[in-house]
Amino acid sequence: MSIAQKLLCFLVISFAGSASFAQQPPKEAKEKEPELIADYHFIFDRYGVSTTLKSRNQSLDGLAQMMRSTTDLYVYIVSSGGRVSYVGEATERANVLKKYLVGVGGVNANRIEIVDDGHCMEWEITLWWGVKVPPSLRPTSSCYLDPKKVKIIEKRRYNRRKSRAVKPRI
């Protein structure tokens, strides 16, 4: 059974709650190898401005549990900055999630890759899980913002009262 078929079976069993819903694909599907990125990766969750810390942590705990139970899965954290963002914002937000998965979730850091995917209207992080692929086949976000419409702030935002950097809330 190929890795893609294992992922499909795992997905069906995980979300259906029972193996009785899993059906064997027809013979033609067994012989044909996947050609599109969608065949290799699945969206686990998305985070944005309105995501609460509690819901994010619950989601990450579920992902960490799935990663610990299956050794051949990889996570791609696809992060996009907003229309107005500071230098390195997308990577910094993605690193926060990676540190949580490694530190709290107990996931091997080598199985997590960060993809800085440009800018959207508001910052967005999408968690993809699937098999390890070359950089040219990594998943990307569905949004795109013309670089001419992006305002890059050189310095990080500062809290006026305490005059220290405000960490990004994810």
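When ALA29, ALA4 are checked against the criterion of being over 17 Å from the mean Cα position of the chain (by Cα), modelled with pLDDT of 50 or more, assigned to a helix (DSSP H, G or I) and surrounded by fewer than 18 Cβ atoms within 10 Å (Cβ to Cβ), ALA4 stands alone in meeting it. One residue stands out among those in region 80-110 that are touching a residue at least 60 places away in the same chain (Cβ under 8 Å) and more than 17 Å from LYS151 (Cβ to Cβ): the one that is farthest from the chain's Cα centre (by Cα), which is GLU92. For region 114-149, the candidate set comprises residues that are within 16 Å of HIS41 (Cβ to Cβ) and of a type in the set (Lys, Arg); within that set, the residue that is surrounded by the fewest Cβ atoms within 10 Å (Cβ to Cβ) is LYS132. Being modelled with pLDDT under 90 and in a strand (DSSP E or B) is the filter; apply it to region 81-113 and report the residue that is nearest to PHE42 (Cα to Cα). Going through the qualifying residues, I end up with GLY81.
Taken together, the residues in region 39-70 that are of a type outside the set (D, E, K, R) and not in a helix (DSSP H, G or I) amount to 12.
The values are calculated or read from the model by the stated rules, or taken from the named source; none is laboratory data. Predicted, not measured: the structure shown is a model, and the values here were computed from it. Ideal geometry is used to build each Cβ from the backbone, glycine not excepted, and the neighbour counts take in all protein chains shown.
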